[in-house]
Amino acid sequence: MANVLEVHELAKSFGGVQAVKNLSFNLAEGQLLAMIGPNGAGKSTCFNLINGQLRPDNGRVVIMGNKINGYQPRQVWKLGVGRTFQITSTFASMTVLENIKMAILSYHQHTQSLFSRVRKLYNEESMELLKLVGIEDQHDRACGVLAYGDLKRIELAVALANQPKLLLMDEPTAGMGPAERQSLMELTSDIVRTRNIGVLFTEHDMDVVFTHADRIIVLNRGELVTEGSPTEVRANNKVQEIYLGTNA
Ligand SMILES: Nc1ncnc2c1ncn2[C@@H]1O[C@H](COP(=O)(O)OP(=O)(O)O)[C@@H](O)[C@H]1O
Ligand SMILES: [Mg+2]
């Protein structure tokens, strides 16, 4: 299995705070890797180093063989990296379909020009994506009036429009109820396994993490505590102390 993401000895400080310290890990295609750790552990910083929002002080990030140090977020995105945000990022005044079409247009823009025939194609492509995430019946509603859970699904569809090989999801289920969380991650898991996409995600709900992750990395104060299968991580004493609370 090829690695879609390789992180080597990554480090980032903000003033006196070492948000990420000497962090290394890999992610293979088709795998769901959960990054967990208490608030302030450095998870979002790590995501922002990978997606090009932040520059590392040290170390490197390699995405599908490309060393991305110095890349702008848009250049990272062009490599085939999809991302969903902690806060939903759809355009409220546009319809669901328009939001998806924008994402697809922006994916195709650098390879094709916009003939009307092609636009019609995007229409079908957009509806396909909406079907995939289960909200095709909402396609002509404005995003601003949708339920929060549906917005999260649109966000996933927008990320998939880029035909990513690597998907970065920083707290994709933030603000959702437990059942909704499980169903969004189940959907994500089905889609990425079919498309052989590697996923790095953070999640506070341990039920969701242990149900859907193939592997888990645990951070605390910017450092890697441990890495392993859900079973290994669950049994790790350091994890129980630091993160889960002592063996309850
Ligand atoms: N832009 C920033 N400026 C200053 N400090 C930051 C910034 N971003 C994050 N930090 C600090 O870095 C540490 C890691 O934060 P963060 O990556 O957001 O953790 P997590 O996502 O795991 O909660 C925290 O101590 C946080 O206060
Ligand atoms: Mg965070």
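The values are calculated or read from the model by the stated rules, or taken from the named source; none is laboratory data. Predicted model, so just to flag it, every value in this text is computed and none were measured. In this analysis, Cβ positions are derived from the backbone assuming ideal geometry, glycine residues included, and neighbour counts consider all displayed protein chains.
All conditions but one from (1) surrounded by fewer than 15 Cβ atoms within 10 Å (Cβ to Cβ); (2) within 16 Å of ligand 2 (Cβ to nearest atom); (3) among the polar types (S, T, N, Q) apply to residue 202; the one that does not is (1).
Please tell me if residue 136 is modelled with pLDDT of 90 or more, surrounded by 14 or more Cβ atoms within 10 Å (Cβ to Cβ) and over 18 Å from the mean Cα position of the chain (by Cα).
Numbers: modelled with pLDDT of 90 or more: yes; surrounded by 14 or more Cβ atoms within 10 Å (Cβ to Cβ): yes; over 18 Å from the mean Cα position of the chain (by Cα): yes.
So residue 136 fits the description; yes.
Modelled with pLDDT of 90 or more and in the same structural domain as residue 190 (by TED's automatic domain parsing): does that describe residue 130? Steps first, please.
Working: modelled with pLDDT of 90 or more: yes; in the same structural domain as residue 190 (by TED's automatic domain parsing): no.
Spelling it out, it is not the case that residue 130 is modelled with pLDDT of 90 or more and in the same structural domain as residue 190 (by TED's automatic domain parsing).
Can you name every residue in the range 6-17 that is surrounded by 16 or more Cβ atoms within 10 Å (Cβ to Cβ) and touching a Gly at 6+ places or on another chain (Cβ under 6 Å)?
Applying the first criterion (surrounded by 16 or more Cβ atoms within 10 Å (Cβ to Cβ)) to the range 6-17 yields 6-8, 10-12.
Listed by number, the residues that qualify are 8, 10, 11.
Restricting attention to the range 1-50, the residues that are near ligand 1 (Cβ under 8 Å from one of its atoms), of a type in the set (Val, Ile, Thr) and within 24 Å of residue 80 (Cβ to Cβ) add up to 2. Screening the candidates 52, 37 for the property of being surrounded by 14 or more Cβ atoms within 10 Å (Cβ to Cβ) and within 16 Å of ligand 2 (Cβ to nearest atom) yields one hit, 37.
For the range 78-87, the condition of being charged (D, E, K, R) and modelled with pLDDT under 75 holds for none of the residues.
Determine whether residue 99 is assigned to a helix (DSSP H, G or I), at pLDDT below 90, surrounded by 17 or more Cβ atoms within 10 Å (Cβ to Cβ) and polar (S, T, N, Q). Spell out the reasoning first.
Numbers: assigned to a helix (DSSP H, G or I): yes; at pLDDT below 90: yes; surrounded by 17 or more Cβ atoms within 10 Å (Cβ to Cβ): yes; polar (S, T, N, Q): yes.
Criteria met by residue 99.
Every condition in (1) touching a helix residue (DSSP H, G or I) at 6+ places or on another chain (Cβ under 6 Å); (2) surrounded by 19 or more Cβ atoms within 10 Å (Cβ to Cβ); (3) not acidic (Asp, Glu) is met by residue 149 except one, and the failing one is (2). Residue 215 meets each of the listed conditions (1) touching a Ser or Thr at 6+ places or on another chain (Cβ under 7 Å); (2) under 30 Å from residue 18 (Cβ atoms); (3) at pLDDT below 95 apart from (3).
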